[in-house]
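**Q** Dropping the structure in here first, questions after.
Every number in this text was worked out from the coordinates using simple rules, so none of it is lab data. The model shown is predicted, which means the values in this text are computed figures rather than measured ones. Virtual Cβ from ideal backbone geometry, glycine too; neighbours counted across all protein chains shown.
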Amino acid sequence: MNTITRHRPVITRTATSVLIETPECGFCGHTGSVTLTADEAAALQDGAPIHVAAPAMSRSAREQYISGIHPDCWTELFG
Ligand SMILES: [Zn+2]
């Protein structure tokens, strides 16, 4: 099995990218997804924290991965 179990459920995996489900957003109540490269997903699977596994990922996308809060909702909440 080659799935990410410690982190977020994988929605779709291709040869080059992995779409990962993010938790329910505390602001709007909907789940979401973030796209990682296969390398980033592999690093996460190996236990690296998100900011180490995916340094090129935007801060807002990392926040969504961690907390589920969508970038748009984050903007609504905190400007
Ligand atoms: Zn939201």
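**Q** Mind checking the dipole of the chain: about its Cα centre, +1 per Lys or Arg Cβ, -1 per Asp or Glu Cβ, Debye to the nearest 20? Mind showing how you got there, number by number?
**A** Working: 5 positive and 8 negative charges, 30 e Å.
So the dipole magnitude of the chain works out to roughly 140 debye.
**Q** Okay, next question. For the chain, build the charge dipole from Cβ charges (+1 Lys, Arg; -1 Asp, Glu) around the Cα centre, then report which of Leu44, Val34, His70 sits farthest towards its positive end.
**A** Of the listed residues, the answer is Leu44.
**Q** In whole Hz and in residue order, list the ³J(HN,Hα) couplings for segment 15-26 that follow from phi through the Karplus curve 6.51 cos²θ - 1.76 cosθ + 1.60, θ = phi - 60°; x for Gly and Pro.
**A** Result, rounded to whole Hz: 5, 10, 9, 10, 9, 10, 6, 10, x, 4, 6, x.
**Q** Quick one: pull the percentage of alpha-carbon pairs in the chain with a separation above 14 Å.
**A** More than 14 Å apart: 58 percent of the Cα pairs in the chain.
**Q** Which value in deg cm²/dmol, rounded to the nearest 500, describes the helix-derived mean residue ellipticity at 222 nm for the chain, given -39,500 (n - 2.57) per DSSP H run of n ≥ 4 and division by the residue count?
**A** Numbers: 4 runs with 29 residues, N = 79.
Helix-only estimate at 222 nm: -9500 deg cm²/dmol.
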